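Participant: Structure in structure tokens, see below.
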Amino acid sequence: GQLPTWLQGTLLRNGPGMHTIGDSKYNHWFDGLALLHSFTFKNGEVYYRSKYLRSDTYNCNIEANRIMVSEFGTMAYPDPCKNIFAKAFSYLSHTIPEFTDNCLINIMKAGDDFYATGETNFIRKINPQTLETLEKVDYSKYVAVNLATSHPHYDSAGNVLNMGTSIVDKGKTKYLLFKIPSSVPEHEKKKSCFKHLEVVCSVPSRSLLHPSYYHSFGITENYIIFIEQPFRLDIVKMATAYIRGVSWASCLAFNKDEKTWFHFIDRRTKKEVSTKFYTDAMVFFHHMNAYEEDGHIIFDIIAYTDNSLYDMFYLKNLNNDFEKNARLTSRPTCRRFVVPLQCDKDAVVGSNLVTLPSTATAVKEKDGSIYCQPEILCEGIELPRINYDYNGKKYKYVFATQVQWTPIPTKIAKFNTQTKEMLQWEEDDCWPSEPVFVPSPDAKEEDDGVVLTCVVKTDPKDPPFLLVLDAKTFIELGRAIVNVEMHLDLHGIFIPQQDMKTESE
């Protein structure tokens, strides 16, 4: 095919790539050592490159030829030859886990630099052109967090907004929203932007010993949306996991009888909206988008009724019969919540406070809290991406992978949230990854541009390829076939040519 001449830049992707080291194997697919790969578009041609993230975790494991650093689903133990004192010390030092820097989930831009990110307090700077691994940044040196999301947001000035969980002060567990500035003052050019990191606000955890797990958060023009779901980490269990010989993943539990709480933080006052909003128990990983309309916040997420998704990816389940046997007990559902922020204080108990045309409801309870029920937009999509120029604004389109009852995507979908129409791309024996939308330089409409996705073939003899679709029509413009074994990746970003620092810089 033919690629548009304006498509100049690099698609940079991240995901787990190595699951066996020597005789040791990871238990979970999300534990594998991070493998970066990139597709660079230059004058109608595509160049491919891949490289393992040379994290401290990677170096330590490769040198020992076994898994030496614990990951979320795999606990690593010291050398059996160690004496009893060294072993006892090792047990004690693991009560506050020293987390891995195997940053395998996403790529983040901060200032002019790019970082591989996971969900711990470590991120790794990388060179987006050569994929070499540069310095390690520890968030906890700048803000008191032990965990942070790998789905940050970027404001119009290019500042990074992210959230992390602080379990540092025992008994004062909280969620922190923090901002990393896009640039530093002229006279401090040598300093990193992390030195100017500021905490925007904090939300105390409803349960001090059981903070909620979250993978992303939402943002509108004036608000931050944080969802506290009953999919929780047990801090006491985490502190003793090493001694008990279990993984940290086993310390995560879903309670289907609890509520899911919505927190809205005013970006101007940095204070939380005082009304309590909640919905039924659910598990979710990805926000799609959110915006404000006539005194309401509207936010779209992809949610499940249980946590079966995580369990699917234990490697013992990923065998030849995976496609047949891996059945989700809950299908991903795209839910739209409509939350009235300006509600009438004298509204009758039991009345629906949503005044916009939607089947979503927000019902006032006796105690003044508001029970929200979503409108179901569609089912069976995951890994959603939008045109980021519409982030926090009213929008139409989401680009996503399509899954049925198994967690492996078989199609790419374009969904219109307003008309509910869906366009699809599929081909036999293909597993596409998260689709990334790239707007065309003279875009007039939301879907003017292309969609990029890496496609792995189910038959190892068939080579994988990068697929380029016209975002409007979903017609294939071209594909670049790559003669390598490509891994299934998770997330990534497109870096336009002008945002790439040249080697000399």
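The values are calculated or read from the model by the stated rules, or taken from the named source; none is laboratory data. All of these numbers come straight from a predicted model, not from anything done at the bench. Cβ atoms come from the backbone with ideal geometry, glycine included; neighbour counts cover every protein chain shown. We work out accessible area using only protein heavy atoms, side chains counted, and drop any ligands, DNA or RNA first. Shrake-Rupley method; radii C 1.70, N 1.55, O 1.52, S 1.80 Å.
Participant: Can you list residue pairs whose Cβ atoms sit under 7 Å apart, with the first residue in the range 41-64 being within 21 Å of Lys136 (Cα to Cα) and the second being of a type in the set (Phe, Trp, Tyr) and open to solvent by less than 50 Å² (accessible area, probe 1.4 Å)? Count only pairs 6 or more apart in sequence or on different chains.
Facilitator: Every condition considered, the pairs that remain are Tyr52/Tyr58.
Participant: So, in the range 393-404, of the ones that are part of a strand (DSSP E or B) and of a type outside the set (S, T, N, Q), which residue ends up most open to solvent (accessible area, probe 1.4 Å)?
Facilitator: Going through the range 393-404, the residues part of a strand (DSSP E or B) turn out to be 397-402.
Subset that is of a type outside the set (S, T, N, Q): 397-400.
Numbers: Tyr397: 36, Val398: 0, Phe399: 2, Ala400: 1 Å².
Ranking the qualifying residues of the range 393-404, first place goes to Tyr397.
Participant: Among the residues of the range 331-377, how many are over 13 Å from Ile301 (Cα atoms), among the hydrophobic types (A, V, I, L, M, F, W, C) and assigned to a strand (DSSP E or B)?
Facilitator: Number of matching residues: 5.
Participant: Please tell me if Glu292 is crowded, with 16+ Cβ neighbours inside 10 Å and touching a Pro at 6+ places or on another chain (Cβ under 8 Å).
Facilitator: Working: crowded, with 16+ Cβ neighbours inside 10 Å: yes; touching a Pro at 6+ places or on another chain (Cβ under 8 Å): no.
So Glu292 fails the test.
Residue-by-condition table, conditions (1) loosely packed, with under 14 Cβ neighbours inside 10 Å; (2) within 30 Å of Ser250 (Cβ to Cβ); (3) among the β-branched types (Val, Ile, Thr); (4) out of contact with any strand residue (DSSP E or B) (no Cβ under 9 Å at 6 or more places or on another chain):
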{"position": "Val338", "(1), (2), (3), (4)": "no, no, yes, no"}
{"position": "Cys343", "(1), (2), (3), (4)": "no, no, no, no"}
{"position": "Pro374", "(1), (2), (3), (4)": "no, no, no, no"}
{"position": "Pro384", "(1), (2), (3), (4)": "no, yes, no, no"}
{"position": "Asn391", "(1), (2), (3), (4)": "no, no, no, no"}
{"position": "Ala413", "(1), (2), (3), (4)": "no, no, no, no"}
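Participant: Follow-up question, since we're still on this one. If only one of His487, His491 is surrounded by 14 or more Cβ atoms within 10 Å (Cβ to Cβ) and at pLDDT below 95, which one is it? Before you say what the answer is, go through the steps one by one.
Facilitator: On the way: His491 fails: at pLDDT below 95.
None of the others qualify; the one that does is His487.
Participant: Looking at Ala290, Ala249, which one is touching a residue at least 60 places away in the same chain (Cβ under 8 Å), assigned to a helix (DSSP H, G or I) and touching a strand residue (DSSP E or B) at 6+ places or on another chain (Cβ under 7 Å)? Can you show your working first?
Facilitator: On the way: Ala290 fails: assigned to a helix (DSSP H, G or I).
Unique residue meeting the criteria: Ala249.
Participant: Oh, and also: Give me the residue from the range 274-289 that is at pLDDT 95 or above and of a type in the set (Ser, Thr, Tyr) and, out of that set, most open to solvent (accessible area, probe 1.4 Å).
Facilitator: So the residue we want is Tyr278.
Participant: Against the condition under 21 Å from Tyr388 (Cα atoms) and among the charged types (D, E, K, R), how does Asp155 come out, does it pass? It would help to see each step written out before you state the result.
Facilitator: Details: under 21 Å from Tyr388 (Cα atoms): yes; among the charged types (D, E, K, R): yes.
Yes.
Participant: Shifting gears a bit: Of all residues in the range 326-347, count the ones that are at pLDDT 90 or above and not aromatic (Phe, Trp, Tyr).
Facilitator: Looking only at the range 326-347, we keep the residues that are at pLDDT 90 or above, and these are 332-341.
Subset that is not aromatic (Phe, Trp, Tyr): 332-336, 338-341.
Counting residues in the range 326-347 that are at pLDDT 90 or above and not aromatic (Phe, Trp, Tyr) gives 9.
Participant: Could you tell me which of the residues Thr133, Thr117, Thr100 is closer than 26 Å to Glu434 by Cα, modelled with pLDDT under 95 and crowded, with 17+ Cβ neighbours inside 10 Å? Steps first, please.
Facilitator: Details: Thr133 fails: modelled with pLDDT under 95; Thr117 fails: modelled with pLDDT under 95.
Criteria check complete, one pass: Thr100.
Participant: Restricting attention to the range 252-266, report how many residues are touching a residue at least 60 places away in the same chain (Cβ under 8 Å) and small (Gly, Ala, Ser). Steps first, answer last, please.
Facilitator: Just the residues of the range 252-266 that are touching a residue at least 60 places away in the same chain (Cβ under 8 Å), to begin with: 262-265.
Then keep just the ones that are small (Gly, Ala, Ser); that gives none.
Result for the range 252-266: 0.
Participant: In addition: Which ranges mark the strands (runs of 3 or more DSSP E) fully within the range 1-77 that have 3 or more residues being at pLDDT 95 or above, closer than 30 Å to Asp442 by Cβ and open to solvent by 10 Å² or more (accessible area, probe 1.4 Å)?
Facilitator: Numbers: elements: 9-18, 33-42, 45-52.
Hits in the range 1-77: 45-52.
Participant: Here's another thing I want to ask about it. Could you tell me which residue of the range 415-446 is most open to solvent (accessible area, probe 1.4 Å), considering only residues that are without any contact (Cβ under 8 Å) to a residue 40 or more places away in the chain and charged (D, E, K, R)?
Facilitator: Per the stated criteria, the residue is Lys444.
Participant: Taking the conditions exactly as written (β-branched (Val, Ile, Thr), at pLDDT below 95, at negative phi and open to solvent by less than 40 Å² (accessible area, probe 1.4 Å)), does Val363 satisfy them or not? Break it down stepwise before answering.
Facilitator: Numbers: β-branched (Val, Ile, Thr): yes; at pLDDT below 95: no; at negative phi: yes; open to solvent by less than 40 Å² (accessible area, probe 1.4 Å): yes.
So Val363 fails the test.
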